[in-house]
Amino acid sequence: MYSSLVIDHLRSQVTKQTASRTSVVCLYADYRDWNNQTLVHILGCFVYQLLASDDLPHIPDQAIEKLKEVKRQNTRVELGDILAILKLLLEQLDGTFFCIDALDELEPQTRRRLIDILTSKQQLGTKNTLLFFTGRPHMRSEVQSYFEISEDQVVYIIANADDIRQYVSHKLAEDKRANPEAMNGVLESEILTTLVKQSQGMYVAPPKSGYPKSEYATVNLGSNIINSGCFEDIN
């Protein structure tokens, strides 16, 4: 839900930018869908969103021909084909937000290759990309390996423990009504304490150098603060 609010916020800001062409594309990762959330499918999803949006001033003839070529081949689409089309589309824009929810739920190799591509000017043909990621706290070290970020550039935001405790208590009560013998008071207390503890940890960090126009934020599930202010100025 929080990621959706952030994406809606970004899109509302982009709509107000009349002097520049900026687009927002997104992906909701799901560990249960690794077979479909391959690198080719993910990048193809970005291509589809760009083509379906009103953000492109026009669709380049080269991109149209490439799409027709892929269709004529009637075979499995290769990564090079999708990258070529994506690159042509991004060149029409002044900037693009790539928003990926639950980054940690992508298959590890797919995730690393995706970040490699999104942070590569050579592969995308542009450096005007801005990244927004959400994920569990252990993603921090992996994401930071792509950016030079000092500790004083990281902002920690703690989730509202009372809200999480209330929600988990409600769900546990539902389970107990459905199956009164499923848990006792000790187990219920242990589940509640563990989930509230593990829900903590949000950080926002724009990279200091290495990829100047990129920014990213990771936020742990359950955090109730979504407007960090990092993405209001996209120029």
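Summary of computed values
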{"item": "Residues that are assigned to a helix (DSSP H, G or I) and either under 20 Å from the mean Cα position of the chain (by Cα) or modelled with pLDDT of 80 or more (or both), drawn from the stretch 130-152", "result": "Met139, Arg140, Ser141, Glu142, Val143, Gln144"}
{"item": "Any hit, the stretch 5-28, residues being within 30 Å of Pro108 (Cβ to Cβ), assigned to a loop (DSSP other than H, G, I, E, B) and in contact (Cβ under 8 Å) with a residue 12 or more places away in the chain", "result": "no"}
{"item": "Where Asp30 falls short, out of the listed (1) within 14 Å of the chain's Cα centre (by Cα); (2) under 22 Å from Thr119 (Cβ atoms)", "result": "(2)"}
{"item": "The stretch 170-181 residues that are more than 19 Å from Val196 (Cα to Cα), paired with ones that are at pLDDT 85 or above (beta carbon under 7 Å, 6 or more apart)", "result": "none"}
{"item": "Residue in the stretch 89-112 that is farther than 20 Å from Ile7 by Cβ and among the aliphatic types (A, V, I, L, M) present", "result": "no"}
{"item": "Hey, Leu50 in the same structural domain as Lys87 (by TED's automatic domain parsing), modelled with pLDDT of 90 or more and at negative phi or not", "result": "yes"}
{"item": "Selected residue (criterion: surrounded by the most Cβ atoms within 10 Å (Cβ to Cβ)) from residues of the stretch 50-94 that are in contact (Cβ under 8 Å) with a residue 40 or more places away in the chain and not in a helix (DSSP H, G or I)", "result": "Asp55"}
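The values are calculated or read from the model by the stated rules, or taken from the named source; none is laboratory data. What you see is a predicted model; the values in this text were computed from it and never measured. Glycine also receives a Cβ, built like all others from the backbone with ideal geometry; neighbour counts cover every protein chain displayed.
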